[in-house]
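Read through the structure below, which is laid out as structure tokens, and then see the notes.
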Amino acid sequence: MVEIKNLSKKYGDKLAVDSISFTVKQGEILGFLGPNGAGKSTTMNILTGYLSATSGEVSIDGYDILDNPVEAKKRIGYLPEHPPLYMDMTVWEYLDFVYDLKKVTEDREAHLDSICETVKLTDVKDRLIANLSKGYKQRVGLAQALIGNPEVLILDEPTVGLDPKQIIEIRSVIKQLGRDHTVILSSHILQEVNAICERVIIINKGRLVASDTPENLGKSISNENKFQLRVAGDERSILDVLEPVAGIQYIKSLGRKEAGSIDFIIEAAPNVDVRTPIFNALAAASLPILSLQTMDLSLEEIFLEVTKGQAVAEAGEVDEDEIELVNMPAAAAAVKEAAEKEEEGADLHDSNL
Ligand code: ADP
Ligand code: MG
């Protein structure tokens with residue numbers, strides 16, 4: 001079990017982690033979700049004993065990370081944001097080296113072999129790390145975390161920078177590891193923690209703003225009021241038909257994404273389903289709907305949502321520039337991109353996942 005109590009960290013005057021408390025039960029996969037700069041890496045560095053806290057306590061299986069660092073660290077496998085790999089070693093040489101560093105007592109060959117099997121590195125174990133793809137390098141990072149059989153795995157944004165295929169592979173390895181490990185995984189991608197984790201903690205600006213199952217979080221933040229609509233016809237005629245539709249609160253034109261049609265973002269009043277009225281109105285005007293899809297909330301909107309009404313969270317402070325919107329569902333990403341490139345008339349294209 002991992003216990004964090006009132007953890008704070010200041011860098012100079014800057015409070016990067018602000019009195020965070022949470023516990024992770026044995027065998028649990030916990031998602032640590034937050035935008036860039038939220039304080040995820042700082043918290044993880046403190047959990048693993050790489051950084052000292054300004055105040056607060058961390059214990060792993062009852063061992064305090066400050067009072068009993070050797071016992072506490074023995075129980076932790078850490079994959080940092082930038083794994084410390086030696087490029088001029090082969091995979092096996094590197095794992096062998098880490099084995100010595102960690103002073104592991106298990107049979108060397110058997111232990112390293114079984115780790116290579118688990119993270120699917122066996123085929124490349126004699127290759128130089130420098131020559132591996134980013135996805136394989138990340139597996140080497142995972143492998144070093146597993147050396148010594150630590151019970152708790154702390155993985156800092158393990159899928160960042162990987163291509164979609166590599167992301168799927170790494171996620172599946174992590175899920176598998178979750179069967180017999182306690183896992184804390186950080187991410188700034190909601191879909192990722194939804195896909196892997198049993199419980200999610202959201203931090204923003206160093207503060208804990210939500211803690212729940214992905215299902216419950218999803219329920220509280222699901223969004224059925226925002227759509228992306230593509231209609232064949234010219235913009236003015238379409239707007240003339242849409243504007244009078246009862247229940248529509250906001251319409252934004254995204255311009256031409258497909259020849260002969262215009263894309264719009266539509267926002268409806270809460271609890272009003274405007275899809276049928278939109279269909280009927282456009283059909284009556286012989287303006288065919290080419291597509292209509294619900295838009296998922298962006299991470300930044302989710303933060304605003306979960307921090308709504310929480311005095312402690314200061315939702316109004318969320319600075320859009322600080323939040324990197326990556327790997328949202330394709331539609332939302334495409335819309336954001338389109339909105340940004342509107343003037344240039346850039347085409348929609350798929351995001352990477
Ligand atoms: P995350 O991992 O969620 O992106 P970090 O823990 O890396 O966030 O950073 C939290 C905040 O602390 C950020 O505002 C960041 O700029 C700041 N920060 C991180 N590391 C340092 C450091 N070594 N010195 C000063 N400020 C830092
Ligand atoms: Mg980080």
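None of the figures in this text is laboratory data; all of them are computed from the coordinates on show. Keep in mind that this is a model prediction, so the values were computed, not measured. Glycine also receives a Cβ, built like all others from the backbone with ideal geometry; neighbour counts cover every protein chain displayed.
Some points to look at:
- Overall dimensions of region 1-60, expressed as equivalent-ellipsoid semi-axes from the Cα gyration tensor (√(5λ), whole Å, largest first), are 19, 13, 9.
- Label-point separation in nm, Asp240 to Ser253, each point 7 Å along Cα→Cβ: 1.2
- Sorted peptide list for 134-145, 89-100, 252-263, criterion being average Cβ within 10 angstrom, highest first: 134-145, 89-100, 252-263
- Label-point gap, in nm, between Val70 and Arg108 - each point 7 angstrom along Cα→Cβ: 2.2
- Cβ-placed point charges (K, R +1; D, E -1), dipole of region 147-248 about Cα centre in debye, nearest 20: 180
- Net charge dipole size for region 247-286 [Lys, Arg +1 and Asp, Glu -1 on Cβ; Debye, nearest 20]: 100
- Distance between the pseudo-spin-label points of Ser21 and Glu215 (7 Å out from Cα toward the beta carbon): 2.8 nm.
- Near Asp113: Cβ cut-off under 14 Å, other residues only, Lys/Arg at +1 and Asp/Glu at -1. The net charge is -4.
- Given R0 = 25 Å, the distance between the Cβ atoms of Asn131 and Arg179 translates into a calculated FRET efficiency of 0.20.
- Residues in region 64-80 carry Karplus couplings, in order, of 6, 5, 8, 6, 9, x, 5, 5, 5, 5, 4, 8, 10, x, 10, 10, x Hz; the curve used is 6.51 cos²θ - 1.76 cosθ + 1.60 with θ = phi - 60°, and Gly or Pro positions show x.
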